[in-house]
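J.: Let me begin by handing over the structure; questions about it come next.
The values are calculated or read from the model by the stated rules, or taken from the named source; none is laboratory data. Just so you know, these numbers come straight off a predicted model, no measurement behind them. When we count neighbours, we look across all protein chains shown, and the Cβ atoms used for this are built from the backbone with ideal geometry, even at glycine. We work out accessible area using only protein heavy atoms, side chains counted, and drop any ligands, DNA or RNA first. Shrake-Rupley method; radii C 1.70, N 1.55, O 1.52, S 1.80 Å.
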Amino acid sequence: MSLRQKLHDFFTRREVAITGGGQKAIEKQVALGKLPARERIKFLLDPDTFHEYDLFVEHRCHDFGMDKKQLAADGVVTGTGKISGHPVCIFAQDFTVAGGSLGLMHARKITKIMDHAMKLGIPLIGINDSGGARIQEGVNSLAGYGEIFFRNTLASGVIPQISVILGPCAGGAVYSPALTDFVFVVDKISKMFITGPEVIKTVLGEEISMEELGGARVQTEISGNAHFYAESEQECFDQIKKLVTFIPWNNRKKADPFPAGSPRPGLDIETIIPPEPTKPYDVRSIIRAVCDDSDFFEVQKYWAANIVVGFARLAGETVGVIANQPLVLAGVLDVDSSDKAARFIRFCDAFNIPLVTFVDLPGYLPGVDQEHAGVIRHGAKVLYAYSEATVPKITVILRKAYGGGYIAMCSRHLGADFVFAWPTAEIAVMGPEGAANIIFKAEIASAEDPDAVRRAKVEEYTEKFANPYIAAANGHIDAVITPRETRDCLIHAIEISAAKHESRPSKKHGIPPF
Ligand code: HXC
């Protein structure tokens, strides 16, 4: 064959391989509002940066007529590229090829690109759109999943792992995303479940749609399995691009600094907390009033909204923000918000991102439901995550810091490097009402006017304890600062913590209260 003929042969083979499951299957995909796999990669990566590998990998299954079936690229596109200049490894399952189902060679392509990401020390992005284990390949498909899960676990805390659910993600397929750091979903397109509606109908006799079972809203608002929700694939890609700019390539690096920006003018940080101590406010206003460009990139926005977590920048440096949200359940810690905070803290600690904590909570949520749901075990995750973290830890107590909530929210006692408190801070064992009712119980009960005595005792207790000065007198906080001084204090604390190094006792690994 001449070079010309060889090139012609190559172009023909390549054309067939990149056409995936064929025009009809692509049209079906597009009619569902879904982009084909290579289009997705194209829209997500910087222009002309994608390099594809293993295009000609073929499956090795001979059963159920598979020996006559050619599956283009074995149903998954893998390669490397850049997002906003940051290198990434990426794979995208191609639903047009055997429903993006995962056979052994499909899995091997994924594990190969995962191994690359680990060796190169760059983030891994997986676009999932698959009917799950390729039924015809039997146990080899299951083996493939196992090999992916194993690598997800090894890569955890070494390189950032991002999962994008852009279609069905059924059966064992959901567990790889669940092992990764961030899961992105898109309205009407993403569906995640262990057992589908058919199985549920057979086993439990219940009828439920895929959307109700594991659609994008369910996964972002109810289960908390997904971290980011978008209305369209394009919006989802924009979110991923933004996330990549906040996080480092791997655990040996810091996130690339940005040019420092200032909070939006006109945000008056002094007027955000209402004068009435029980009145709620949106803690995101405080975060926006202190961070660069007032740009707060929230993670798991729609789940466990009583705590707010996300990324921001201070003088150009990425920080992880954790803040109680007085707007929802007065900002209490409960089962879900503890899980949300603990996981985010561990991500930031693994990837050298300083933690900034804003505190305003009455404590852990009381009640039978929470106790029975394991608030002790889940709540302990927050204590564990903050204590374990060795990145710079800076805490600002805004208002209430009562009881276990005070300790849990990155107090000095859990290793905070700097603890600041606003003059509005109330640091006490519990709220004045509860405290007065307990310690002055007899006096109130025997009074002629119990209500008047209770009010007086609440006032007395508030006067004495509900302020930052006893904590300051004991050195539990480092400085009482005004709201307007907060940004400067935070930036200074981050700057002088740049060389912070703290070690923990040597061990194989700890046993967090999972
Ligand atoms: C082989 C599959 C497949 C699979 C889909 N296809 N899933 N092929 N193995 N798991 C093929 C279909 O045969 C079809 O091929 C093409 O993909 C498109 O599928 P459709 O059913 O036409 O698409 P749609 O109507 O959109 O339905 C999508 C779906 C459905 C909801 C995902 O296909 C489905 O329920 N699939 C099975 C899901 C599942 O139970 N997977 C196994 C999970 S068990 P043709 O040739 O007709 O185009 C599992 C265990 C792993 O994953 C455990 C690891 C720990």
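J.: Return the distance in nm (one decimal) between the two label points of a simple spin-label model at residue 178 and residue 48, each offset 7 Å from Cα along Cα→Cβ.
T.: With each label placed 7 Å out from Cα toward Cβ, I get 4.4 nm.
J.: Next up: For the chain, state what percent of all Cα-Cα pairs lands in each successive 10 Å bin, counting from 0 Å until the bin that includes the largest distance.
T.: P(r) over the chain, rounded to whole percents: 4, 17, 26, 22, 15, 9, 4, 2, 1, 0, 0.
J.: Report the relative contact order of the chain, percent, no decimals, based on alpha-carbon pairs under 8 angstrom and at least 6 residues apart.
T.: Relative contact order, the chain: 8 percent.
J.: How would you rank 11-17, 498-504, 155-161, highest first, on the average number of other Cβ atoms within 10 Å across their residues? Walk me through the intermediate numbers first.
T.: Working: 11-17: 12.6, 498-504: 8.9, 155-161: 21.1.
Highest-to-lowest ranking by the protection proxy: 155-161, 11-17, 498-504.
J.: Taking the Cα centre of each part, how many Å lie between the stretch 430-459 and the stretch 85-148?
T.: If we compute the Cα centre of each part, the gap is 63 Å.
J.: Another one. Based on the alpha-carbon gyration tensor of the stretch 309-375 and its eigenvalue square roots a ≥ b ≥ c, which shape applies: rounded if a/c is under 1.5, prolate if not and a/b is larger than b/c, or oblate?
T.: Numbers: a/c = 3.89, a/b = 1.90, b/c = 2.05.
Cα axes put the stretch 309-375 in the oblate bin.
J.: Another one. As an exercise, use a Förster radius of 25 Å and the Cβ-Cβ distance of residue 373 and residue 442 to find the FRET efficiency, rounded to the nearest 0.05. Intermediate values should be presented prior to the final figure.
T.: Numbers: r = 35 Å, r/R0 = 1.41.
Given R0 = 25 Å and the Cβ-Cβ separation, E is 0.10.
J.: Shifting gears a bit: As a quick test, which of the pairs 69/241; 393/508; 253/393; 6/82; 34/242 have an alpha carbon distance above 27 angstrom in this structure? Don't jump to the answer; show the numbers that get you there.
T.: On the way: 69/241 37 Å; 393/508 24 Å; 253/393 18 Å; 6/82 31 Å; 34/242 22 Å.
Where the Cα-Cα span goes over 27 Å, the pairs concerned are 69/241; 6/82.
J.: Looking at the square roots a ≥ b ≥ c of the eigenvalues of the Cα gyration tensor of the stretch 371-514, which shape do they give, rounded for a/c under 1.5, prolate if a/b is larger than b/c, or oblate?
T.: Numbers: a/c = 3.42, a/b = 1.56, b/c = 2.18.
Since a/c reaches 1.5 but b/c is at least a/b, the shape of the stretch 371-514 is classed as oblate.
J.: Hey, another quick one. So, with a 1.4 angstrom probe, what is the percent of accessible area on the chain that is carbon and sulfur? Write down the numbers at each step before the final one.
T.: Working: 13720 of 23710 Å².
On the chain, the fraction of accessible area on carbon and sulfur atoms equals 58 percent.
J.: In what order, largest first, do 203, 218 sit by accessible area if the probe radius is 1.4 Å?
T.: Highest to lowest solvent-accessible surface, that is 203, 218.
J.: Something else now. Among 359, 299, 330, whose Cα projects farthest towards the positive end of the dipole of the stretch 295-390, with charges put on the beta-carbon of Lys, Arg (+1) and Asp, Glu (-1)?
T.: Towards the positive end, the residue furthest out is 299.
J.: Something else about it: Using the basic label-point model (7 angstrom from Cα toward the beta carbon), what is the residue 252 to residue 153 distance in nanometres?
T.: About 2.5 nm, to one decimal.
J.: Among DSSP bridges having both ends in the chain, what percentage is antiparallel? Round to the nearest 5. Working shown, then result.
T.: Details: 23 of 64 bridges.
Here the antiparallel bridges make up roughly 35 percent for the chain.
J.: For residue 464, list the lysines whose Cα falls under 20 Å from its own Cα; do not include residues on the same chain fewer than 8 positions away.
T.: Candidates past the 8-residue exclusion: 400, 441.
J.: To the nearest 0.05, what FRET efficiency results for residue 62 and residue 511 with a Förster distance of 45 Å applied to their C-beta separation?
T.: Working: r = 46 Å, r/R0 = 1.01.
The pair residue 62/residue 511 has a calculated efficiency of 0.50.
J.: So between residue 201 and residue 433, what do we pick up on full extension, going 0.36 nm a residue minus the alpha carbon distance?
T.: Numbers: separation 232, 0.36 × 232 = 83.52 nm, distance 5.08 nm.
Between residue 201 and residue 433, full extension yields an extra 78.4 nm.
J.: Does the stretch 1-137 come out rounded, prolate or oblate, given a ≥ b ≥ c as the square roots of the eigenvalues of its C-alpha gyration tensor, rounded meaning a/c under 1.5 and, failing that, prolate meaning a/b above b/c? Can you show the working numbers first?
T.: Numbers: a/c = 1.38, a/b = 1.18, b/c = 1.17.
Taking the square roots of the gyration eigenvalues as a ≥ b ≥ c, the stretch 1-137 is rounded.
J.: Determine the per residue accessible area of the chain with all protein chains present and a 1.4 angstrom probe, expressed in square angstrom.
T.: Working: 23710 Å² over 514 residues.
On a per-residue basis, 46 Å².
J.: If packing is taken as the average number of other Cβ atoms within 10 Å across a peptide's residues, how do 89-95, 270-276, 110-116, 224-230 rank, most packed first?
T.: Averaged packing, sorted descending, gives the order 89-95, 224-230, 110-116, 270-276.
J.: While we're on this one: Below 14 Å, Cα to Cα, which aspartates and glutamates can residue 500 reach? Residues fewer than 8 away in the same chain don't count.
T.: Cross-link targets: 349, 417.
J.: Next question. Of 35, 73, 49, which is farthest on the positive side of the dipole of the stretch 1-94, counting Cα position, with +1 on Lys and Arg Cβ, -1 on Asp and Glu Cβ, and the Cα centre as origin?
T.: Towards the positive end, the residue furthest out is 35.
J.: Now, a different point. Express as a percent, rounded to the nearest 5, the fraction of DSSP beta bridges in the stretch 16-166 (both residues included) that run antiparallel. Before the final figure, lay out each step's value.
T.: Details: 11 of 21 bridges.
DSSP beta bridges in the stretch 16-166 are roughly 50 percent antiparallel.
J.: Per DSSP H run of at least 4 residues, take -39500 (n - 2.57); add these up for the chain, divide by its residues and hand me the 222 nm value, nearest 500 deg cm²/dmol. Don't skip to the end; give the middle numbers.
T.: Details: 19 runs with 193 residues, N = 514.
Per the formula, -11000 deg cm²/dmol.
J.: Let me spell out the model: positive unit charges on the Cβ of Lys and Arg, negative unit charges on the Cβ of Asp and Glu, origin at the Cα centre of the stretch 103-211. What dipole size does that give, in debye rounded to 20? Don't jump to the answer; show the numbers that get you there.
T.: Working: 9 positive and 10 negative charges, 91 e Å.
Computed about the Cα centre, the dipole is about 440 debye.
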